[in-house]
Amino acid sequence: MVTTTFAAVVLSAALANEAAVSPTWETSYARASEAAIAQRKPLAVFIGRGENGYATAVGGNMPTEAGRALAANYVALYVNTDTADGRTLAAAFGVDQGLVISCRGCQVQALKYGGAVPADALTGYLTKYAAANVAVTTT
C-alpha cells in the first residue's frame, strides 16, 4: 500500500513537471497576439511543417529548459506551413521554417531566425527575450 501510494505521488509529480515543460500551443495568430498583448508576454512563433513541426523548427526535441521558459514566459504559436493559412503567415514573416519572437506587446520583432534553431541557442533566445528589462527598439 505504501509502495503504491509512493509510486502515485512520484508519477503525479513527474506529470506535473512535464506539464510545466510543455507550452500550450496556439494555432491562431489573431488569438495568440491578443493573448500576448493582454498578458504582456512576448509571442514566440514557431514555423514548421506537419502536426508537430515545431520540433523541426528547433532541430528535434525541445530542450527541457527551453520548454519551461516558453511555457512560463511566452505565448507560443505554431504555424503549420502544410496549410494554406500557415504558408500565408510564414510568407508574411519571411520565414518558411524557424522562429520569430516579438517584444512584449507585439509591436516589433525581437528575433527572426530562419531554419532549425540549435537547441542551445533556443534556450538562450527564450531566456533573453523573456527578461523584463529587455527593451526591443528595432527588428
Karplus-derived HN-Hα couplings along segment 30-42 (A = 6.51, B = -1.76, C = 1.60, θ = phi - 60°), whole Hz, x at Gly and Pro: 4, 5, 5, 5, 4, 5, 4, 5, 4, 8, 6, 10, x
Between I37 and T24, what is 0.36 nm times their sequence separation minus the Cα-Cα distance? Round to one decimal in nm. 3.0 nm
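Let me check I've understood the local charge: for I47, count other residues with C-beta under 15 angstrom from its C-beta, Lys and Arg +1, Asp and Glu -1. What total comes out?
Details: positive: R49, R87, K112; negative: E26, E51, D82, D85, D96.
Local net charge: -2.
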Extent of segment 33-103 along each principal axis, from alpha carbon coordinates, in Å, largest to smallest? 29, 26, 17
Shape call for segment 18-139 from the C-alpha gyration tensor, a ≥ b ≥ c root eigenvalues: rounded (a/c under 1.5), prolate (a/b greater than b/c) or oblate? rounded
Karplus-derived HN-Hα couplings along segment 52-67 (A = 6.51, B = -1.76, C = 1.60, θ = phi - 60°), whole Hz, x at Gly and Pro: 10, x, 4, 5, 6, 5, 10, x, x, 6, 6, x, 3, 5, 5, x
Quick one: if you stick a label point 7 Å off each Cα along the C-beta vector at A119 and A55, how many nm between them? 1.3
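Every number in this text was worked out from the coordinates using simple rules, so none of it is lab data. All values derive from a computational prediction rather than experimental measurement. Glycine gets a Cβ as well: all are built from the backbone with ideal geometry, and neighbour counts include every protein chain shown.
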